1. Could you check, for segment B:150-161, whether at least one of its residues is closer than 28 Å to B:Asn72 by Cβ and either of a type in the set (Val, Ile, Thr) or modelled with pLDDT of 95 or more (or both)?
2. Keeping to segment A:184-215, report how many residues are surrounded by 22 or more Cβ atoms within 10 Å (Cβ to Cβ) and assigned to a loop (DSSP other than H, G, I, E, B).
3. Among the listed residues B:Glu144, B:Glu123, identify the single one that is more than 14 Å from every other protein chain (Cβ to nearest Cβ) and in a strand (DSSP E or B).
4. If I filter segment B:56-70 down to residues being outside any strand (DSSP E or B) and surrounded by 24 or more Cβ atoms within 10 Å (Cβ to Cβ), which single residue comes out as farthest from the chain's Cα centre (by Cα)?
5. Right, A:Ala130: away from every other protein chain (no Cβ under 14 Å) and touching a helix residue (DSSP H, G or I) at 6+ places or on another chain (Cβ under 6 Å) or not?
6. Return yes or no: is A:Ser150 part of a strand (DSSP E or B), out of contact with any His (no Cβ under 8 Å at 6 or more places or on another chain) and touching a residue at least 24 places away in the same chain (Cβ under 8 Å)?
7. Scanning segment B:71-120 for residues that are in a strand (DSSP E or B) and within 14 Å of another protein chain (Cβ to nearest Cβ), which turns out surrounded by the fewest Cβ atoms within 10 Å (Cβ to Cβ)?
8. Quick check on A:Ala124: is it touching a Gly at 6+ places or on another chain (Cβ under 6 Å) and surrounded by 20 or more Cβ atoms within 10 Å (Cβ to Cβ)?
Number of protein chains: 2
Amino acid sequence: MNWDELGLKIAKEIEKEVMPYFGKKEGAKIIGYSPSGDTTELIDRMSEDIVLKHLKPLNINIVSEEIGTINNNSEWTAIIDPIDGSFNFTTGFPCFGFCFAIFKNNKPYYGLTYEFLTKNIYEAYVGKGAFLNGEKIKVKKYIEKEAVISYYSNKNLNLIGKVRRARIMGAFGVEMAYVAKGALDAVFDIRPYVRTTDFASSYIICKEAGAIITDEKGHEFKFNLNTTDRYNMIVANDKKLLNIILEEIKINR
Amino acid sequence: MNWDELGLKIAKEIEKEVMPYFGKKEGAKIIGYSPSGDTTELIDRMSEDIVLKHLKPLNINIVSEEIGTINNNSEWTAIIDPIDGSFNFTTGFPCFGFCFAIFKNNKPYYGLTYEFLTKNIYEAYVGKGAFLNGEKIKVKKYIEKEAVISYYSNKNLNLIGKVRRARIMGAFGVEMAYVAKGALDAVFDIRPYVRTTDFASSYIICKEAGAIITDEKGHEFKFNLNTTDRYNMIVANDKKLLNIILEEIKINR
């Protein structure tokens, strides 16, 4: 199976069907509930139907935000968020994407994160580097006090003077891809809120691009292949920046 | 003069010439300095050249970020930021736009803010309402603790629990347009950093969409038609939210 071709095919089909609803209230019409208790909106259902149409015939395991887990006892598992940043999508903020990860025997294998608006394709096969539209990408070289970060916290952190800029774009999987391409120095969530479907594809891309990924205590980040667990997660381009973030989290614990 | 047709023509020409540089380092090559001391990057120069090509033959006054002020003693003044959010543009964040305002005898007349990626056209003639792609827009109805805001401050404000979400997109003029269309409840800058070229077009759009615009003390916002003054500016959809922001600014003064 060419997972990259399949992922992009699904992404493009979702794009075609769903983009007309960008910034429109109709897309946010609530039509059900997901296994984790979130409301399912029209665009979630539309996009997940496309995902299922392509993946069900393969008889692989599927972990997807709205539908939950389909276990077919396959060695392959697809982990998908059809629209990462769906609040942004329906509200009209220009940051959202399609997250598609393939795991083999529960180990990372391939990740694709696709931004509909920019048509940027971020992808990585484990061990083969990370790519943006076919060109190799790496995390940015960290420069002290010049970092650009995004973060999500229920505590009032104070990073003024320690980093240069904040860009809080509201689509964690896409923002991780920004770390991979060197637009962001770091992104973290310590509410904890993010789920495996949000970060699985960009986790693979970030690892291949040289990012450090830890929990809120700086330990190696570990996760399960389900739609319900929520995580504290820090993705950074440099140990020094990671330590600044960890220190600020510690002070505010 | 059909200012709307002219504005959109310039926007589309900039889009065509400049969009190939989105997210590319070449676009950020420094080729000079602006009157306010900022560096002028290749894309700034390219886009301002297009602006001047269209506006110089009209013999109107021009106030534009890189070139400064051209005074032709006309009753008409065009105030322009060819690329609002140029850091975002060159770095690869999907939020940036073209800001084009027309003042008649130093009074607001017409505003156009154009988002290149989404192709969203926000515009307003004074007294005739604000429009997004030809459809009338209004600020969002404020719901307590549900607000989505963007803000820029050198002090560590604590708005957790008082608003629901932060979206810090890094393009003030475009974010003001988000307030006008009801995606953001408020955006403010109290560094002070924003200049007239950043907000002139969206100021007109926001006013027509029903936004409240004040300085950092809650007084009516006043500004000059130049490229150098920097302002504290609050744009909000509701007096209650404005007061929450003003209170937090006061505590941290």
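1. As a first pass, look at segment B:150-161 and keep what is closer than 28 Å to B:Asn72 by Cβ: none.
Scanning segment B:150-161, I find no residue that is closer than 28 Å to B:Asn72 by Cβ and either of a type in the set (Val, Ile, Thr) or modelled with pLDDT of 95 or more (or both), so the answer is no.
2. 4
3. B:Glu123
4. Within segment B:56-70, the first condition is being outside any strand (DSSP E or B), and the residues that meet it are B:56-60, B:65-67.
Okay, now just the ones that are also surrounded by 24 or more Cβ atoms within 10 Å (Cβ to Cβ), so B:65-66.
On the way: B:Glu65: 12, B:Glu66: 15 Å.
Only one residue fits best here, namely B:Glu66.
5. Working: away from every other protein chain (no Cβ under 14 Å): yes; touching a helix residue (DSSP H, G or I) at 6+ places or on another chain (Cβ under 6 Å): yes.
The answer is yes for A:Ala130.
6. On the way: part of a strand (DSSP E or B): yes; out of contact with any His (no Cβ under 8 Å at 6 or more places or on another chain): yes; touching a residue at least 24 places away in the same chain (Cβ under 8 Å): yes.
Yes; evaluated as a whole, the condition is true for this residue.
7. Going residue by residue through segment B:71-120, those that are in a strand (DSSP E or B) are B:76-84, B:97-104, B:107-115, B:120.
Next cut, within 14 Å of another protein chain (Cβ to nearest Cβ) only: B:84, B:97, B:113-115, B:120.
Working: B:Asp84: 31, B:Gly97: 31, B:Thr113: 35, B:Tyr114: 25, B:Glu115: 27, B:Asn120: 20.
Per the stated criteria, the residue is B:Asn120.
8. Details: touching a Gly at 6+ places or on another chain (Cβ under 6 Å): yes; surrounded by 20 or more Cβ atoms within 10 Å (Cβ to Cβ): yes.
Judged against the criteria, A:Ala124 is a match.
The values are calculated or read from the model by the stated rules, or taken from the named source; none is laboratory data. In this text, all values refer to a predicted model and were calculated from it rather than measured experimentally. Counting neighbours? That spans all protein chains shown, and the Cβs are built from the backbone with ideal geometry, glycine included.
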